[in-house]
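Trainee: If you scroll down you'll find the structure; I have some questions about it.
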Amino acid sequence: MKYSIDHKSPIPLHVQAEALLREIIEDPDYQNGKLLPNEVELARQLAISRTTLRQAINKLVYEGLLIRKKRTGTKVAQGTVSSKSNNWLSFSQEMKVRGITIKNFEFHVSWVTPDETLANFFEIKTDRKVLKMERVRGRPGEPFVYFISYFHPRIGLTGDEDFKRPLYELLENDYSVVATLSKEEISAHAAEPYIANKLRIADGSPVLFRKRFVFDQGERPIEYNLGYYKADSFVYTVESRR
């Protein structure tokens with residue numbers, strides 16, 4: 001099958017490529033496990049660079065809609081249900097809305113070398129260091145979430161910022177980086193010893209694991225966030241409008 005996009009359209013090429021991919025993966029053949037068109041060939045058909053096509057593919061991979069394996073190819077993910085929320089807030093803003101007072105039990109900032117997954121998300125080389133922020137937070141006397149956030153070096157964070165401020169307000173007011181799009185994945189896990197220690201729970205206790213991928217107005221990645229929540233402390237609300 002031949003595929004094409006409109007090069008005269010004002011819509012960015014990577015956005016058109018993403019929309020095309022979403023149409024392709026709805027095809028019953030691909031739903032049943034058929035590999036998606038070869039990346040090199042599809043980029044050639046669309047007359048776009050592989051980098052542009054990969055940007056579109058990466059977004060669907062991080063949404064959990066596609067699975068990409070080296071030397072095998074890309075195919076539609078099976079058995080995963082994904083929910084979207086129309087509105088999202090920083091953790092501080094979420095807790096403020098609920099009237100919950102939050103305490104920071106641990107706070108660490110460091111510069112780290114990204115692994116391949118993180119480098120692919122940020123579209124940078126693995127030798128380019130990124131800012132990593134770790135926080136254990138909760139009610140006074142009761143930690144209930146452990147966050148790990150990585151930030152694209154393009155933002156310009158130094159690590160000396162006042163992270164007591166709401167994160168997305170800080171990014172917007174100090175760095176003119178507007179967090180516009182958030183994509184999330186939530187799954188259930190048994191707490192490994194390291195996570196259990198952070199949350200002061202027994203090894204193997206249930207935790208909810210949330211990945212959040214945050215993008216700016218140009219749909220460029222700005223934050224890769226991992227959150228481990230005590231299962232009895234986290235309720236995820238999804239609002240859908242028809």
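Trainee: Students often check this: by mean Cβ neighbours within 10 Å, which of 139-151, 32-44 ranks highest, and how do the rest follow? Walk me through the numbers on the way to the answer.
Mentor: Numbers: 139-151: 17.8, 32-44: 13.8.
With the highest mean Cβ count within 10 Å placed first, the list reads 139-151, 32-44.
Trainee: If each residue of separation counts as 0.36 nm, what is the full-extension length gain between Val178 and Gln45 once their alpha-carbon separation is subtracted?
Mentor: Values: separation 133, 0.36 × 133 = 47.88 nm, distance 3.38 nm.
Gain on extension, Val178 to Gln45, equals 44.5 nm.
Trainee: Oh, and also: Which pairs break 24 Å Cα to Cα here: Lys125/Lys164; Lys2/Lys59; Lys75/Lys183? Mind showing how you got there, number by number?
Mentor: Values: Lys125/Lys164 30 Å; Lys2/Lys59 22 Å; Lys75/Lys183 20 Å.
Too far apart for the 24 Å limit: Lys125/Lys164.
Trainee: Return an integer: the convex hull volume of the alpha-carbon atoms of the stretch 115-228, in Å³ per residue. Before the final figure, lay out each step's value.
Mentor: On the way: hull volume 13.4 nm³, N = 114.
Roughly 118 Å³ of hull volume per residue.
Trainee: May I ask you to sort Lys59, Lys8 by Cβ crowding, counting other Cβ atoms within 10 Å and putting the fewest first?
Mentor: On the way: Lys59 24, Lys8 4.
If I rank by nearby Cβ atoms, fewest first, I get Lys8, Lys59.
Trainee: Can you sort Met1, Met133 by how many other beta carbons sit within 10 Å, fewest first? Show your work: numbers first, answer last.
Mentor: Numbers: Met1 6, Met133 20.
So the residues, fewest neighbours to most, are Met1, Met133.
Trainee: When only alpha-carbon atoms count, how far does the chain stretch along each of its three principal axes, as whole angstroms with the largest first?
Mentor: 60, 41, 38
Trainee: Sticking with this one: Sequence gap at least 6, Cα distance under 8 Å: using those rules, report the relative contact order of the chain to the nearest whole percent. Each step should come with its number before you reach the end.
Mentor: Numbers: 382 pairs, mean separation 35.6, N = 242.
Result for the chain is 15 percent.
Trainee: To the nearest 10 degrees, how steeply does helix 50-62 sit against the main Cα axis of the chain, on a 0 to 90 scale?
Mentor: Approximately 50 degrees, to the nearest 10.
Trainee: May I pose another question? Per the Cauchy relation, a quarter of the hull surface: what is the mean projected area of the convex hull of the alpha carbons in the stretch 13-76, in nm²?
Mentor: Working: hull surface 15.5 nm².
About 3.9 nm², averaged over all directions.
Trainee: With everything on Cα atoms, drop me the angle between helix 13-24 and the longest principal axis of the chain, reported from 0 to 90° to the nearest 10.
Mentor: Taking Cα atoms only, the helix is inclined about 80 degrees.
Trainee: Could I ask something else about it? In what order do Tyr194, Tyr3 fall by count of nearby beta-carbon atoms within 10 Å, going from fewest to most? If you can, show how the numbers build up before the last one.
Mentor: Details: Tyr194 10, Tyr3 14.
Going from sparsest to densest Cβ surroundings: Tyr194, Tyr3.
Trainee: Find the centroid of the Cα atoms in the stretch 133-192 and in the stretch 193-237, then give the distance between the two in whole Å.
Mentor: So the separation of the two Cα centres works out to 10 Å.
Computed from the coordinates by the stated procedures, all read-outs in this text should not be read as laboratory data. Just so you know, these numbers come straight off a predicted model, no measurement behind them. Positions of Cβ are generated from backbone atoms using ideal geometry, with glycine treated the same way; all protein chains shown enter the neighbour counts.
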